[in-house]
Amino acid sequence: MKILGITGWSGSGKTTLLTALLPLLTARGLRVSTVKHAHHDFDLDQPGKDSWRHREAGAREVLIATGRRWALLHENQGEEPGLADLLARLAPVELVLVEGFKASPHAKLEVHRPALGRAPIWPGRADIVAVAADAPLPACPRPVLPLGDPPAIADWIMHFLAHDDAGVTAA
């Protein structure tokens, strides 16, 4: 599997870009999975439902399955798992797009909107290999991609993935 992160400050449009890229990349024949980091508690389960009751009663993992999908809910006991641990749980695909995990050393595409007034993340970060921006970034030494043109970004991703020496981390 190859990994490419989508990183940027909150409100920059990471999720919007990622969801625009997914159908474009899958239409090109890639099997793509995603990993999303959240900085807060979340719950896919609903209080009172059987699977919620299983977890509340002490189950370490609860697997919920239907004819359309399944989900594995795992209760962390202590430390938050690292990206490598999470990637090991995924079925094999050609590409995993990772939203969040800024500190992990995998290759990343930064989403940057200068009008938000936040400094770019890319300076001093070799793991950020390109920037998708909604304005010119003349001082950026990396490829600057047009944020409003997901097909152009998908083209760049396909080219990037085709080069083994491009720095994409294999899992």
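The values are calculated or read from the model by the stated rules, or taken from the named source; none is laboratory data. Given the structure is predicted, the values throughout are model-derived calculations rather than measurements. Every residue, glycine as well, gets a Cβ built from its backbone with ideal geometry; the counts of neighbours run over all protein chains shown.
Worth pointing out:
- Qualifying residue in region 90-103 (condition: loosely packed, with under 13 Cβ neighbours inside 10 Å, within 30 Å of A152 (Cα to Cα) and without any contact (Cβ under 8 Å) to a residue 24 or more places away in the chain): yes
- The number of residues in region 32-53 being touching an Asp or Glu at 6+ places or on another chain (Cβ under 8 Å), farther than 14 Å from V98 by Cα and touching a residue at least 24 places away in the same chain (Cβ under 8 Å) comes to 0.
- Each residue in region 76-87 was checked for being at pLDDT below 90 and within 23 Å of T26 (Cβ to Cβ), and 1 pass.
- Among residues of region 124-150 that are within 13 Å of G8 (Cβ to Cβ), those with a Cβ under 7 angstrom from a residue that is of a type in the set (G, A, S) and part of a loop (DSSP other than H, G, I, E, B), sequence gap 6+ or separate chain, pair up as D134/G148; L147/G13.
- Unique match (being part of a strand (DSSP E or B), at pLDDT 90 or above and either in contact with a helix residue (DSSP H, G or I) (Cβ under 9 Å, 6 or more places away or on another chain) or closer than 22 Å to T19 by Cα (or both)) among L73, L97: L97
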